[in-house]
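Beneath this line is the structure, given in structure tokens, with notes to follow.
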Amino acid sequence: MAASSVAASELLQNMNKHISILYPKASYVIRRISTSRQRSDSQPQLRVKSAPQQLVGVVGLEVHAQINSNTKLFSGSSVRFSAPPNSLVSPFDASLPGTLPVLNTRCVEAAVMTALALNCTINRTSLFDRKHYFYADLPAGYQITQQRRPIAVDGFLDYSFLGGKKRNQVIKRTVSIKQIQLEQDSGKSLHDDLRSQTLIDLNRAGVGLMELVMEPDMSCGEEAAAAVGELQRILQTLGTCQGNMSEGQLRVDANVSVHEPGEPLGIRTEVKNINSIRYLAKAIDYEIQRQIAVLQRGGTVQSQTRAFDSKSGETVPMRDKEGLQDYRFMPEPNLPPLIVYEDNASLPTGIDACQVVVVQAIREALPELPAVKRERLVQTYGLLPEHSLTLVNEDGLVEYFEEVLKATKKEPRKVIGWVTKELVGHLKQQDMSVSQSPIAPSALAELLELQETGHISSSAARRVFQEMWRSPGKTALQIIREQDLGLVSDTAQLHNICQEVLDSHPDEVNAIRGGNKKVLNKLMGLVQRETKGRADPVLVRKIIQEKTS
Amino acid sequence: MSVVSLAVKRSCRGVSLKSCNLLANDGYSITNEEIFHRRRNIFLQSHNTHLTRLLSSRPLNSKVPQAATWEPVPLDQLPPPVHIPADLLNQLERLALVDFRTKQGLACLEEAIRFADQLHAVGTSGVEPMDSVLDDRSLNLREDAVTEGDCAEELLQLSKHTIEEYFVAPPGNIPLPTREERATILKHSE
């Protein structure tokens, strides 16, 4: 197979002899060469005779991000989710004869901005092509895309995730971005199997997409999920895509294969139909395990497209059209090359300022990217990297954290736990976003201030927090009064409680006297239990130390 | 079919360049560009189509050669004729959604490829390929403002079958006859 593919590509380059693509073997390979998805093809088939020792997964991703724009890529009809069917369709979107594409400046700018954020090289000139396939939700019979020369190439995405045994170690990775291309979205088909017909809604037909091709630099579901998560945050920060996977604004297909490290890549499968980051990780890990199992049984992995079934957590083969697919790419005759300019100095004279895309202007307008924000948090507040990761990962959490800091004198390093553990824990439990939190930043700040000034102990503060969560509107002070959670700092009262505890634990007292100071903590815990966590810990320690010395 | 268009497309580049030069020489490129822009802005308007026709069929235009300037390409300059195996034919039918069916259809296809083979005789060495005569024009960009849409009723009127506000299409692609069925059909057509 490898030999025939080499031969075929040579033939392809030889224009005068291109008729030889008619030979069926070669045409099979040409289909692959002509798609943007070539990568681990033409690898020798991985045949495993004996049980392989360490097969590892290899994952590449293709991400389709819907551009956040008012209108479609080539027409002036609006872009909106869940509008009445066919209400957002222009004659061009319905591909009526005589209509022509007119490119949307915003879509070009969004692609350039995204490309800059992903460290890509912007192609000064890029080209549009037609990619043909017959499907009722693609009324023109072809999609306008960028196959020969996309708008941007050769970028990379740095991402990190929490790993290690305790999940508190920040693991950093990089994935290469092969290219970013502009293309049209298709319409939507609703299949009515009962009456054997398909209902077509063209509202989505012609919406601008950025297709991002990530090289197979990842090895498991967790890495892919972290990479997509970081991409999603970057897109949302830039505002170039809303990034909602469940609404299809961000769609991810995963190319999965397995091999022994150092060996050529194995045969890959493409997993589609993944609509959340969690499912992405699940689908990839399932697929890696499935392929390893196939090889270990002595079988071979088949090149196919598989769908992820979120109910069973499995991937299942989709209708296989592989051998028949031929996109017949051709240059789009209605669109001259797209030219972007590096800076204002390079603009040709007499050109209309609203007719150009200037890379320099977009670069200057780039907002603070998530990675930079994390670094800033670590530097400014002395946080640990893993805390900055959690802060930036939750939408709005950084702002919340900074609001709290403004209203309290408590050190950032002491506030962070409250935000990343208590608040996020409670939010996650009820599947809420930061903006839905019943406890406002100012309310949390008030609570932390009370703890900081010694009005309540930290365990009491936790109980107050829970109460505040349950009954929004009540202030921390109200709850402390109502439930009598204030710190007990009456020395006489504490003396009595400590004495009782010491009297009932003579062994521990002896241990402390014998020099084992750690036992003191146990006794302190017992005192706290007696006072329901309200005893002033500093005072209690002093009393016990006095009484046991 | 697809192969024909591919072959034509590849070799056409040299040809289209020539025609572009022709246009540039006689000052026609300006007119063409105007038409191009108008067609973009006011598509579907009849006077525009009319304008195009008027210009291209002006009877007294001396720039248009009065007699054919081409001559047939000698057969020995062409690559050997192509024969299409049955499974490639199957694939072509699926891709093109065109049914060649008979021996005659097959002969017609091979003849079409043979015709396109003449393009191989065009000398294109050292010529940068072009996609269209507009290659040196800058792409027209549009402001991101809503100007159209909200015409579901008009669009749906064009369709034979609709349900509520949906277009109705047949369920997926219609399966074509298998290779065995094909062979039978070919035999019967002999």
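Can you find, within region A:328-345, the residue that is least open to solvent (accessible area, probe 1.4 Å) among those that are closer than 9 Å to A:VAL359 by Cα and touching a residue at least 24 places away in the same chain (Cβ under 8 Å)?
Step by step, filter region A:328-345, then rank; the result is A:VAL340.
Suppose the filter is touching a strand residue (DSSP E or B) at 6+ places or on another chain (Cβ under 7 Å), hydrophobic (A, V, I, L, M, F, W, C) and open to solvent by 20 Å² or more (accessible area, probe 1.4 Å); does A:VAL359 pass it?
no
Within region A:175-200, can you find the residues that are within 12 Å of chain B (Cβ to nearest Cβ) and of a type in the set (Gly, Ala, Ser)?
Hits for region A:175-200 are A:GLY187, A:SER189, A:SER196.
Test B:THR102 against the stated conditions and say whether it is hydroxyl-bearing (Ser, Thr, Tyr) and open to solvent by 100 Å² or more (accessible area, probe 1.4 Å).
Against the criterion (hydroxyl-bearing (Ser, Thr, Tyr) and open to solvent by 100 Å² or more (accessible area, probe 1.4 Å)), B:THR102 does not qualify.
Select, from B:ARG137, B:ARG101, B:ARG94, the only residue that is within 30 Å of A:ASN68 (Cα to Cα) and at pLDDT below 80.
Step by step, each of B:ARG137, B:ARG101, B:ARG94 is checked, and only B:ARG137 is within 30 Å of A:ASN68 (Cα to Cα) and at pLDDT below 80.
Can you name the condition, by its number, that B:GLU110 falls short on among (1) open to solvent by 40 Å² or more (accessible area, probe 1.4 Å); (2) farther than 30 Å from A:ILE351 by Cα; (3) outside any helix (DSSP H, G or I)?
Against the list (1) open to solvent by 40 Å² or more (accessible area, probe 1.4 Å); (2) farther than 30 Å from A:ILE351 by Cα; (3) outside any helix (DSSP H, G or I), B:GLU110 comes up short only on (3).
Which residues, counting only those in region A:258-288, are within 20 Å of the chain's Cα centre (by Cα) and among the polar types (S, T, N, Q)?
Once the filter is applied, which keeps residues that are within 20 Å of the chain's Cα centre (by Cα) and among the polar types (S, T, N, Q), region A:258-288 yields A:ASN273, A:ASN275, A:SER276.
So, in region B:65-95, of the ones that are facing chain A (nearest Cβ under 10 Å) and out of contact with any Lys or Arg (no Cβ under 9 Å at 6 or more places or on another chain), which residue ends up surrounded by the most Cβ atoms within 10 Å (Cβ to Cβ)?
B:GLN91
Any residue at all in region A:289-308 that's over 26 Å from the mean Cα position of the chain (by Cα), surrounded by fewer than 17 Cβ atoms within 10 Å (Cβ to Cβ), outside any loop (DSSP other than H, G, I, E, B) and hydrophobic (A, V, I, L, M, F, W, C)?
Looking for residues that are over 26 Å from the mean Cα position of the chain (by Cα), surrounded by fewer than 17 Cβ atoms within 10 Å (Cβ to Cβ), outside any loop (DSSP other than H, G, I, E, B) and hydrophobic (A, V, I, L, M, F, W, C), one finds at least one in region A:289-308, hence yes.
Across region A:528-537, what is the number of residues that are in a helix (DSSP H, G or I) and either free of Cβ contacts under 8 Å to residues at least 60 places away in the same chain or crowded, with 18+ Cβ neighbours inside 10 Å (or both)?
Residues flagged as in a helix (DSSP H, G or I) and either free of Cβ contacts under 8 Å to residues at least 60 places away in the same chain or crowded, with 18+ Cβ neighbours inside 10 Å (or both) within region A:528-537 amount to 3.
Just give me the residues in region B:119-128 being more than 9 Å from every other protein chain (Cβ to nearest Cβ) and over 17 Å from the mean Cα position of the chain (by Cα), in sequence order.
B:ALA121, B:VAL122, B:GLY123, B:SER125, B:GLY126, B:VAL127, B:GLU128
State which residue is least open to solvent (accessible area, probe 1.4 Å) when the search covers only region A:475-527 and only residues that are of a type outside the set (Gly, Ala, Ser), assigned to a loop (DSSP other than H, G, I, E, B) and over 27 Å from A:ARG462 (Cα atoms).
A:HIS505
Looking at (1) closer than 15 Å to A:ASN123 by Cα; (2) at pLDDT 90 or above; (3) within 14 Å of chain B (Cβ to nearest Cβ), which is the one condition that is false for A:GLU342?
Unmet condition: (3).
Within 17 Å of the chain's Cα centre (by Cα) and either of a type in the set (Val, Ile, Thr) or more than 9 Å from chain B (Cβ to nearest Cβ) (or both): is that true of A:GLU222 in this structure?
The answer is yes for A:GLU222.
For region A:206-224, how many residues are small (Gly, Ala, Ser) and more than 30 Å from A:THR71 (Cα to Cα)?
Going through region A:206-224 one residue at a time, the tally reaches 3.
Give region B:151-169 a look and list any residue that's more than 26 Å from the chain's Cα centre (by Cα) and open to solvent by 70 Å² or more (accessible area, probe 1.4 Å), or say none.
Scanning region B:151-169 gives B:GLU153, B:GLU154, B:GLN157, B:LYS160, B:HIS161, B:GLU164, B:GLU165.
Quick one: would you say A:GLY164 is within 20 Å of A:ALA225 (Cα to Cα), free of Cβ contacts under 8 Å to residues at least 60 places away in the same chain, buried (at least 19 other Cβ atoms within 10 Å of the Cβ) and more than 14 Å from chain B (Cβ to nearest Cβ)?
No.
Across region A:131-159, what is the number of residues that are surrounded by fewer than 20 Cβ atoms within 10 Å (Cβ to Cβ) and farther than 21 Å from A:ASN203 by Cβ?
Result for region A:131-159: 7.
Could you tell me which numbered condition A:LYS272 fails, if it satisfies all but one of (1) modelled with pLDDT of 90 or more; (2) touching a strand residue (DSSP E or B) at 6+ places or on another chain (Cβ under 9 Å)?
Of the numbered conditions (1) modelled with pLDDT of 90 or more; (2) touching a strand residue (DSSP E or B) at 6+ places or on another chain (Cβ under 9 Å), the odd one out for A:LYS272 is (1).
When only residues in region A:59-99 that are modelled with pLDDT under 95 and more than 10 Å from chain B (Cβ to nearest Cβ) count, which is surrounded by the most Cβ atoms within 10 Å (Cβ to Cβ)?
Within region A:59-99, the match that is surrounded by the most Cβ atoms within 10 Å (Cβ to Cβ) is A:SER95.
On the basis of being farther than 27 Å from A:PRO412 by Cβ and open to solvent by 50 Å² or more (accessible area, probe 1.4 Å), does A:SER458 make the cut?
The answer is no for A:SER458.
Table: residues versus (1) open to solvent by less than 20 Å² (accessible area, probe 1.4 Å); (2) at pLDDT 95 or above; (3) closer than 22 Å to A:ASN123 by Cα; (4) assigned to a strand (DSSP E or B).
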| residue | (1), (2), (3), (4) |
| --- | --- |
| A:GLN181 | yes, yes, yes, yes |
| A:LEU190 | no, no, no, yes |
| A:ARG195 | no, no, no, no |
| A:VAL213 | yes, yes, yes, yes |
| A:CYS241 | yes, yes, yes, no |
| A:SER246 | no, no, no, no |
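So which residues in region A:100-120 are open to solvent by 10 Å² or more (accessible area, probe 1.4 Å), within 13 Å of chain B (Cβ to nearest Cβ) and of a type outside the set (A, V, I, L, M, F, W, C), if there are any at all?
Those that are open to solvent by 10 Å² or more (accessible area, probe 1.4 Å), within 13 Å of chain B (Cβ to nearest Cβ) and of a type outside the set (A, V, I, L, M, F, W, C): A:THR105, A:ARG106, A:GLU109.
Say we look at region B:96-108 and pick out the residues that are under 26 Å from A:HIS132 (Cβ atoms) and charged (D, E, K, R); which of these is nearest to the other protein chains (Cβ to nearest Cβ)?
B:ASP99
Checking A:GLN147 against (1) within 11 Å of chain B (Cβ to nearest Cβ); (2) at pLDDT below 95; (3) touching a Phe, Trp or Tyr at 6+ places or on another chain (Cβ under 9 Å), which test does it fail?
(1)
Is it true that A:LYS428 is without any contact (Cβ under 8 Å) to a residue 40 or more places away in the chain, assigned to a helix (DSSP H, G or I), charged (D, E, K, R) and more than 28 Å from A:ARG541 (Cα to Cα)?
Taking the combined requirement at face value, the residue satisfies it.
Considering every residue within region A:122-135, establish whether at least one is more than 9 Å from every other protein chain (Cβ to nearest Cβ) and in contact with a helix residue (DSSP H, G or I) (Cβ under 8 Å, 6 or more places away or on another chain).
yes
The values are calculated or read from the model by the stated rules, or taken from the named source; none is laboratory data. Computed from a predicted structure; not experimentally measured. Backbone-built Cβ (ideal geometry, glycine too); neighbour counts: all protein chains shown. Note: areas computed on protein heavy atoms with side chains; ligands, DNA, RNA excluded. Shrake-Rupley method; radii C 1.70, N 1.55, O 1.52, S 1.80 Å.
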